[in-house]
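Worksheet: the structure to be examined is printed underneath.
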Amino acid sequence: MIGKSGIDKSLTEDDIEAVLVEGLASLRIQGKRILVVIPDGTRTMPLPLFFRLIVRHLRERDAGAITFLIALGTHPALSEPAKLNLLGLTKEKREDKYAEIHILNHRWQDPGTLVSLGEISAEELSALSEGRIKEKLEVHINRFVLENDQILICGPVFPHEVIGFSGGNKYFFPGLAGQAIIDWTHWLGALLTSYSIIGKLDTPVRAVVDHAASLIPTPNSAICLVVKDKGDVAGIYFGTPKEAWRAAAQLSSSLHIRWVEKPYNRVFSMVPTQYEDLWIGAKGMYKVEPVVADGGEVVIYAPHIHEISMTHGDFIRQVGYHVLDYFLEQRDQFMHIPLAVLAHSTHLKGIGEYSNGIEEPRIMVTLATQIPKEICEEVNLGYWDPSSLHIGDWVDREDEGILVIRRAGEMLYRLVEH
């Protein structure tokens, strides 16, 4: 593995290019079909720069066909204009300089796009999940993973609510995966709870994902990045997905975790517009839950959000948002709901208790979005009219137990342990 980092000083384009050139030189590329796996717009990184550099140096090394595959998981597919915007291209530039480059969405719901890599046995899955899941799991992935000669993952690493830290083999599972492993990995994260797992390097979910990735026969490498608030690159690592990810996650743990001395009674999470629905915007809750006092409140302030989920909204409105025990105690009632949906539900609601028909979440979650009050109440969340919420009235009041976070969703807040 090779890499370069600079916490106090962002890397230059020359720094980034040097690591890319050295990394690509270690791969057998000439004449090979290359699959580059990239994130969608919900992950902060200078993707146009990496697109341009990767294509340039693959061409210089006489690579064969080049395909960029967007690791959507279950996120909505990108339109053609959205793909161009993601990669910093105009229609004219695309046609003039990159006409032969394939730019595709992962389609998790289309069986024709998936292939089986085999299965993880019940015994293996039980061991990997520390006894939490005790059944076999068929592993499906996008067929392009097998139809190319070399895979190159390119994406950032941040603290993550389901797996501990994003990136690495997570771009395969759930990024390019079929529904079964998407559901089970998310549900495993829910059983562990976001509160406990977020910001940890070694987790059972990561173990399952890495094991599933070991079933991929195609040679694969990763460019794992650590980026700052404005997208500047603080670190870049090129190597195997496990090695490059771990180096990036260690840097991310230094850069993306903010430690505070005492909990807050109310946190306002100002969610950026790159999170287009609550399914993604819920990161404004996940990243601050550890520093909210018992009985406190998280307000997700996102006046641009109109929908709970573009993909899973109907399911979420059927079940609402609840603590984990609500589902565990009534599992038979929710067998028809995808496990990833139940996981999202309990992650957003946060930890709490459910007993004798009474639900007691540890904290309250309130939406200040365009999702109407009646829907917020229907799904068991609080409502605050965003037009009546003046953020300026709440800033600089940390001494009163109030915290306002601008561009919430990537920086993790944790309490100092005394």
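Considering the stretch 221-261 alone, what residues qualify as being assigned to a loop (DSSP other than H, G, I, E, B) and either farther than 30 Å from Val115 by Cβ or in contact with a Pro (Cβ under 7 Å, 6 or more places away or on another chain) (or both)? Break it down into steps so the answer makes sense when it comes.
So in the stretch 221-261, the residues assigned to a loop (DSSP other than H, G, I, E, B) come out as 228-232, 240, 256, 261.
Lys228, Asp229, Lys230, Gly231, Asp232, His256, Glu261 - these are the residues of the stretch 221-261 that are assigned to a loop (DSSP other than H, G, I, E, B) and either farther than 30 Å from Val115 by Cβ or in contact with a Pro (Cβ under 7 Å, 6 or more places away or on another chain) (or both).
Considering Ala282, Ala249, Ala244, Ala207, which residue is surrounded by 23 or more Cβ atoms within 10 Å (Cβ to Cβ), in contact with an Asp or Glu (Cβ under 9 Å, 6 or more places away or on another chain) and at pLDDT 95 or above?
Working: Ala249 fails: in contact with an Asp or Glu (Cβ under 9 Å, 6 or more places away or on another chain); Ala244 fails: in contact with an Asp or Glu (Cβ under 9 Å, 6 or more places away or on another chain); Ala207 fails: surrounded by 23 or more Cβ atoms within 10 Å (Cβ to Cβ).
The match here is Ala282.
Examine the stretch 339-350 for a residue that is at pLDDT 95 or above and either surrounded by fewer than 16 Cβ atoms within 10 Å (Cβ to Cβ) or touching a Cys at 6+ places or on another chain (Cβ under 8 Å) (or both), and state whether such a residue exists.
So the first thing to find is which residues in the stretch 339-350 are at pLDDT 95 or above, and the list is 339-350.
Within this subset, residues satisfying the condition of being either surrounded by fewer than 16 Cβ atoms within 10 Å (Cβ to Cβ) or touching a Cys at 6+ places or on another chain (Cβ under 8 Å) (or both) are none.
No - not one qualifying residue is present in the stretch 339-350.
Return yes or no: is Ala247 under 17 Å from the mean Cα position of the chain (by Cα) and among the small types (Gly, Ala, Ser)? Quick ask: steps written out before the conclusion?
Numbers: under 17 Å from the mean Cα position of the chain (by Cα): no; among the small types (Gly, Ala, Ser): yes.
Spelling it out, it is not the case that Ala247 is under 17 Å from the mean Cα position of the chain (by Cα) and among the small types (Gly, Ala, Ser).
Among the residues of the stretch 47-93, how many are of a type in the set (Val, Ile, Thr), closer than 24 Å to Ala177 by Cα and over 25 Å from the mean Cα position of the chain (by Cα)?
0
Select, from Thr273, Thr218, the only residue that is outside any strand (DSSP E or B), touching a residue at least 40 places away in the same chain (Cβ under 8 Å) and among the hydroxyl-bearing types (Ser, Thr, Tyr).
Details: Thr273 fails: touching a residue at least 40 places away in the same chain (Cβ under 8 Å).
Among Thr273, Thr218, only Thr218 is outside any strand (DSSP E or B), touching a residue at least 40 places away in the same chain (Cβ under 8 Å) and among the hydroxyl-bearing types (Ser, Thr, Tyr).
Could you tell me whether any residue of the stretch 42-54 is of a type in the set (Val, Ile, Thr), part of a helix (DSSP H, G or I) and crowded, with 16+ Cβ neighbours inside 10 Å?
Here is the first cut: in the stretch 42-54, the ones of a type in the set (Val, Ile, Thr) are 42, 44, 54.
Keeping just the survivors that are part of a helix (DSSP H, G or I) gives 54.
So of that shortlist, the ones also crowded, with 16+ Cβ neighbours inside 10 Å come out as 54.
Yes, some residue in the stretch 42-54 is of a type in the set (Val, Ile, Thr), part of a helix (DSSP H, G or I) and crowded, with 16+ Cβ neighbours inside 10 Å.
Looking at the stretch 159-207, which of its residues are more than 26 Å from Val227 (Cβ to Cβ) and in contact with a Ser or Thr (Cβ under 6 Å, 6 or more places away or on another chain)?
Leu188, Ala190, Pro204
Identify the single condition in (1) in a helix (DSSP H, G or I); (2) out of contact with any Asp or Glu (no Cβ under 9 Å at 6 or more places or on another chain); (3) among the β-branched types (Val, Ile, Thr) that Ile153 does not satisfy, given that it satisfies every other one.
(1)
So which of Arg59, Arg33, Arg52, Arg43 is assigned by TED's automatic domain parsing to the domain that holds Ala99 and at pLDDT below 95?
After applying the criteria, what remains is Arg43.
The values are calculated or read from the model by the stated rules, or taken from the named source; none is laboratory data. These numbers were taken from a predicted model, which means no experiment stands behind them. Ideal geometry is used to build each Cβ from the backbone, glycine not excepted, and the neighbour counts take in all protein chains shown.
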